[in-house]
1. Ranking 167, 180, 97 by Cβ neighbours within 10 Å, fewest first, what do you get?
2. Rounded if a/c is under 1.5, else prolate if a/b is larger than b/c, else oblate: which is the range 32-86, with a ≥ b ≥ c the root eigenvalues of its Cα gyration tensor?
3. If you find the alpha carbon centre of the range 15-71 and of the range 106-170, how far apart are they in angstrom?
4. What FRET efficiency would be calculated for the residue pair residue 135, residue 19, taking the C-beta separation as r and a Förster radius of 22 Å, to the nearest 0.05?
């Protein structure tokens, strides 16, 4: 992929290898929760409306209309925010790092970055019938430091992304080895050998 400019935690010359979001079941859970919240709000509006209609208090009609508008706006905003949050939370794997973005519409904009050089091991945890049948699980990234492992839950097709992360990690290791080898070769070429140094001394000291 093309080189990306510095935004959202990305370095200027960092190349994106791949990215992924959480499994679609996580979106389905939010959808069911939002529909339940909407149904509860509509039920509350219906009950309050029936009570106001039964007592026939004219002053409460305006209050009821205002309450309906506020309640519907609140539910719609909460539902829309949760839907957008699903698309904002992305795991980006570059040729140097793993970037875990945790964003919401208004309240949060966090980025966690893991250098590939600090990763010791990557594993998959997928327990239960649903996780194995629907093909999602948790990626567990163990670091070479004493910090606890980092978990990425609700990863779709976790074994595929496990192989992809291992591939990017191997390519990063090979790239660093090539750079070190090129640097060592360049330093050897720049430094004259003892034989050449003796020849130069003979030429300038007859």
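We did not get these values from a lab; they are worked out from the coordinates using the rules stated. Since this is a predicted model, take the numbers as computed values, not measurements. Cβ placement follows ideal geometry from the backbone for every residue including glycine, while neighbour counts extend to all protein chains displayed.
1. Ranked by crowding around the Cβ, least crowded first: 180, 167, 97.
2. oblate
3. 35
4. 0.75
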